[in-house]
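Enquirer: If you scroll down you'll find the structure; I have some questions about it.
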Amino acid sequence: MAGRACSPPESVAMSDHVDLKLSALGSESGPIVVLLHGVGQTRYSWRGTMTGLAEQGYRVIAYDARGHGDSGWSASGDYSLAAMADDLHRMIGATSAVALIGSSMGGLTSLHALGHGLLPQAHCFVMIDIALRQPPEGSERIETFMRAHLDGFASPDEAAEAINAYDPLRLRKMTGERVARSLKARDGRFYWHWDPRILKARDERDAMIAALADVAPQVRIPAMLIAGAESDMIDREGIDEVRALLPQLEVVMLADSGHMIVGDRMDNFVATLSGFLRKHYPAG
C-alpha cells in the first residue's frame, strides 16, 4: 500500500485474469480488516465503516468482488462461492493476520474460504445478515429488485428512488449523487455496476450455500453474526442453524435495521463491530 492514510485504488489480478479493484484506509501499521460487500453492491457501500474502523487504528481494505463495481467481469461467468473465496485468498496473500467482515454474499464467501482452510491467518470474522437458510419471501424480494432494473434507469436519481423504496429503513436516504458510483452510463441510460450473469450464479446458490454446512464446523475462530431485527433475509431458524454449526458464534440483533444494515443504522452497526474487534482483534 502507499505510505499515506488513504491509498489510491489498486488492482490485484486473480488466477483467471479478473482484476479486482480495492481501496484502503488507515494506518499501514494497524491490524488489517478486510470488508466484503453483498451481491449487487460495491466497495463504496463501506465508506462509513472504513472511516469508523480506521479512526480506531485499523488498516481497512474494501474491494469490489468479481463482476461488481470497478473490478473485472469473469470471461466464463464464474461467480460461484468457490471462485469468490479463491479471490479472497489471493487478495489477502501472505498477510500475517486479518479479520474478515462480510455482508450477505461477502459473509458466505468468508465462511467458504475459512471452512476450506484457505485463510489460516484469519483471527476472527463477522457475517452480516446472512444464514445458510433464507426465508423465501426475502430471497424473492431481492431477486425481484435485481431483475426489475436490468434495462437501466433514466437517471441516477431514478436509481436512488428504487433503492430507497427497497430499503425504507435507511436513515440517510440515497441520492443520485451517492448512487452514481454504483452505476455505469451507456447509450443515455444508467445501469447497475454488476455483471447480469451474476443472477445465473444466484440460481445455483442453494446448492452452494447448503454445502457450507459440511465445512462450517471446521471454523473455530471467534465469529459474530449481526442481523437486522426487521430483515426479511434472516430468521430465527436460520440463526439457530448457524449457531449450531458455529458454537462460538455471537449473535447481535440490531433494532430498526433491515437487510441493508450497513446503511440503515451506521452508528449502531460500527459500534457493534468495534466492540467485537476490540475483544478479539484489538488495534494498538
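Enquirer: How large is the Rg to Rh ratio of the stretch 54-194 when both quantities use alpha carbon positions and Rh follows Kirkwood?
Expert: Result: Rg/Rh = 0.99.
Enquirer: Next question, about the same structure. Pick the calculated Rg/Rh (Cα atoms, Kirkwood Rh) for this structure from (1) 0.93; (2) 1.15; (3) 1.09?
Expert: So the structure-derived entry is (1).
Enquirer: Could you list the square roots of 5 times each eigenvalue of the Cα gyration tensor of the stretch 1-115, that is, the equivalent ellipsoid semi-axes, sorted largest first and rounded to whole Å? Let's see the in-between values first.
Expert: On the way: eigenvalues 96, 41, 35 Å².
So the equivalent ellipsoid measures 22, 14, 13 Å along its semi-axes.
Enquirer: With +1 on the Cβ of every Lys and Arg and -1 on the Cβ of every Asp and Glu, and nothing else charged, how large is the dipole of the stretch 139-246 about its Cα centre, in debye rounded to the nearest 20?
Expert: Numbers: 17 positive and 20 negative charges, 103 e Å.
Here the size comes out at about 500 debye.
Enquirer: Using a simple spin-label model with points 7 Å from Cα along the Cα→Cβ vector, what separation in nm is obtained for D187 and A210?
Expert: In this crude spin-label approximation the distance works out to 3.9 nm.
Enquirer: By how many nm would the segment from S29 to D235 lengthen if fully extended, with 0.36 nm per residue of separation less the alpha-carbon distance?
Expert: 70.3 nm
Enquirer: Along the charge dipole of the stretch 121-168, which of I128, A159, I142 sits closest to the positive end, that is, farthest toward it, with unit charges on the beta carbon of Lys, Arg, Asp and Glu (+1, +1, -1, -1)?
Expert: I128
Enquirer: While we're looking at this one, here's another question. Of H68, H280, which has the most accessible area with a 1.4 Å probe, and how do the rest follow in descending order?
Expert: Ranking H68, H280 by accessible area, largest first, yields H280, H68.
Enquirer: Give me the Kirkwood hydrodynamic radius of the stretch 178-275 in Å, from all C-alpha pairs, to one decimal place?
Expert: 16.2
Enquirer: To continue, here is another question. Compute and list, largest first, the equivalent-ellipsoid semi-axes of the stretch 109-175 from the alpha carbon gyration tensor, each √(5λ) rounded to a whole angstrom.
Expert: Here the semi-axes work out to 32, 15, 13 Å.
Enquirer: Quick one: pull the percent of accessible area on the stretch 219-283 belonging to carbon and sulfur, 1.4 Å probe, ligands and nucleic acids left out. Write down the numbers at each step before the final one.
Expert: On the way: 1370 of 2710 Å².
Its accessible area is 51 percent carbon and sulfur atoms.
Enquirer: Continuing with this model, one more query. Rank H17, H193, H123 by mean-square fluctuation in a GNM of the chain with C-alpha springs under 10 angstrom and give only the top-ranked residue.
Expert: H17
Enquirer: Looking at the stretch 117-264 only, what percent of DSSP beta bridges run antiparallel? Nearest 5 please.
Expert: Here the share of antiparallel DSSP bridges comes out near 35 percent.
Enquirer: Using the Cα centre of the chain as the reference point, and only Cβ charges (+1 on K/R, -1 on D/E), how large is the resulting charge dipole? Debye, rounded to the nearest 20. Please list the in-between numbers first.
Expert: Details: 28 positive and 36 negative charges, 155 e Å.
Dipole size: approximately 740 debye.
Enquirer: Suppose accessible area is computed on protein heavy atoms with a 1.4 Å probe; arrange M266, M84 from highest to lowest.
Expert: These residues rank, largest area first, as M266, M84.
Enquirer: Any idea how far apart S11 and A97 come out in nm if each label point goes 7 Å out from Cα toward Cβ?
Expert: 3.3
Enquirer: Averaged per residue, what accessible surface does the chain expose to a 1.4 Å probe, in Å²?
Expert: Values: 11970 Å² over 284 residues.
Ligands and nucleic acids excluded, the figure is 42 Å² per residue.
Enquirer: Students sometimes get this wrong: rank M233, M91 by accessible area, probe 1.4 Å, all chains present, largest first.
Expert: Greatest to least solvent exposure: M91, M233.
Enquirer: What trypsin sites (Lys or Arg not before Pro) in the stretch 148-178 are in a loop by DSSP, with at most 12 other Cβ atoms within 10 Å of the Cβ?
Expert: Those satisfying the criteria are R172.
Enquirer: Note down the nm distance, to one decimal, between modelled labels 7 Å out along Cα→Cβ at V251 and at F145.
Expert: Taking the two extended label points, one gets 2.3 nm.
The values are calculated or read from the model by the stated rules, or taken from the named source; none is laboratory data. The structure displayed is predicted, hence computed values, not measured ones. Cβ atoms come from the backbone with ideal geometry, glycine included; neighbour counts cover every protein chain shown. Heavy atoms of the whole protein, side chains included, go into the accessibility calculation; ligands, DNA and RNA do not. Shrake-Rupley method; radii C 1.70, N 1.55, O 1.52, S 1.80 Å.
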